[in-house]
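Each remark here refers to the structure printed beneath this line.
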Amino acid sequence: MTALERSWFEEAQQSMHGWDFSHLAGRWQTADLPWDYAALVREHLSADDRWLDIDTGGGELMGRFNHQPALTAVTDGWQPNIELLKQTVVKKGITLYPDAAEQLTAVPNSTFDIVTNSHGAMPVKRIAEVLKPGGRFVTQQVGATNNYALSRFFDEHYEPAYPDNQLLTVMAQMQAAGFEILRAEQAYAALSFTDVGAIVYYATVIPWEFPHFDVARMLPKLHQLQSLLAINGRVTTFEDRFMIIARKLARRD
């Protein structure tokens, strides 16, 4: 086994805490989207709002908004994240709703002024139920065809894990659930990796896009990528993203 191949096996053994890709710093680059999700949240999040952040990961993004802990709640379904959140944000006074089923089952109805969701599960009907009438929903989502070319490169039979997570489909679901769509956009952003080890790490920690990824089995493919990378110094795929801002309509009796 070569030193390069050993480095790929080592990348596959790395772990990730929360939703933190700092391990890839300087090894990948994503083109800017035509919107700024954090700016959209700040635009709609008022100081006195009761706020729910869905699938918050380790709370990394949520924490940047410095919202009052007593008015902040989060969900996550992955047990390592839940344990991390208990030791971090919960101790600051933020409410945690463990949500293994990703259906907001434990979240009380008609409680929140705003719900945010960055790349999380989308139980649209339940999101409407936990919002107060007039409450806002701000989301940025990973579309069904995210990294499709790279996923198909590794597995010619790959099909998207969430084929219905598309802007048009989700907008229709939201209208049916009683939302007024205020803004909606979709975009594709180039994602470039500057070394194959970074691709190995990425594929390992996102198994729903790279199912059954195994370094030993993928060695021929990884060497192909290495030769392609030598041509222009990077391997590029495309991220599928869409955003929606919506308001829950008041009930009409």
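Quick check for you: with a 1.4 Å probe and neighbouring chains kept, what is the accessible area per residue of region 44-185, in Å²?
46
Summing -39500 (n - 2.57) over the DSSP H runs of n ≥ 4 in the chain and dividing by its residue number, what mean residue ellipticity at 222 nm do you reach, to the nearest 500 deg cm²/dmol?
-9500 deg cm²/dmol
Can you tell me, using C-alpha contacts under 8 Å and at least 6 residues apart, the relative contact order of the chain as a whole percent?
Normalised by residue count, the contact order of the chain is 24 percent.
Given 4 °C and 1.567 mPa s, compute D for region 87-228 with the Stokes-Einstein relation, Rh being the Kirkwood radius over Cα pairs; round to the nearest whole µm²/s.
Calculated translational D: 72 µm²/s.
For region 172-241, count the residues as N, evaluate 2.2 N^0.38 Å, and divide the Cα radius of gyration by that value, please.
Normalised by 2.2 N^0.38 Å, the Cα Rg of region 172-241 equals 1.59.
For residue 25 and residue 157 in the same chain, what is the full-extension length gain: residue separation times 0.36 nm, less their Cα-Cα distance, in nm?
Between residue 25 and residue 157, full extension yields 44.4 nm more.
First select every other residue whose beta carbon is under 14 angstrom from the beta carbon of residue 211; then total the charges, Lys and Arg +1, Asp and Glu -1.
-3
Give the Debye-formula value of log10 I(q)/I(0) at each listed q (0.08, 0.09, 0.16 Å⁻¹), with one equal scatterer per alpha carbon of the chain, two decimals each.
For the chain, the Cα-only Debye profile gives -0.35, -0.44, -1.22.
Going through region 169-253, which chymotrypsin sites (Phe, Trp or Tyr not before Pro) have at most 16 other Cβ atoms within 10 Å and a DSSP loop state?
Here the chymotrypsin sites (Phe, Trp or Tyr not before Pro) that fit, given the DSSP loop and packing criteria, are 208.
Could you run the Karplus curve 6.51 cos²θ - 1.76 cosθ + 1.60 with θ = phi - 60° over region 42-52 and give me ³J(HN,Hα) per residue in whole Hz, x for Gly and Pro?
Karplus values, whole Hz, x for Gly and Pro: 4, 5, 10, 9, 8, 4, 9, 6, 7, 10, 10.
Which percent of the accessible heavy-atom area of the chain goes to carbon and sulfur, probe 1.4 angstrom?
52
Could you list which residues have their amide H under 5 Å from that of residue 114, counting only those 5 or more apart in sequence or on another chain, with H placed in the peptide plane?
50, 52, 136
Quick check on packing: order 55-65, 224-234 by the mean number of other C-beta atoms within 10 Å, highest mean leading.
By packing density, highest mean first, the sequence is 55-65, 224-234.
Which one, 206, 118, 235, is farthest towards the positive end of the dipole of the chain when Lys and Arg carry +1 and Asp and Glu -1 on their Cβ?
Among 206, 118, 235, the one farthest towards the positive end of the dipole of the chain is 118.
Looking at the P(r) of region 137-187, how many percent of alpha-carbon pairs lie beyond 12 Å?
67
The values are calculated or read from the model by the stated rules, or taken from the named source; none is laboratory data. Computed from a predicted structure; not experimentally measured. Reconstructed Cβ throughout: ideal geometry from the backbone, glycine too, with neighbour counts over all protein chains shown. Protein only, heavy atoms only, side chains kept; ligands, DNA and RNA dropped before computing areas. Shrake-Rupley method; radii C 1.70, N 1.55, O 1.52, S 1.80 Å.
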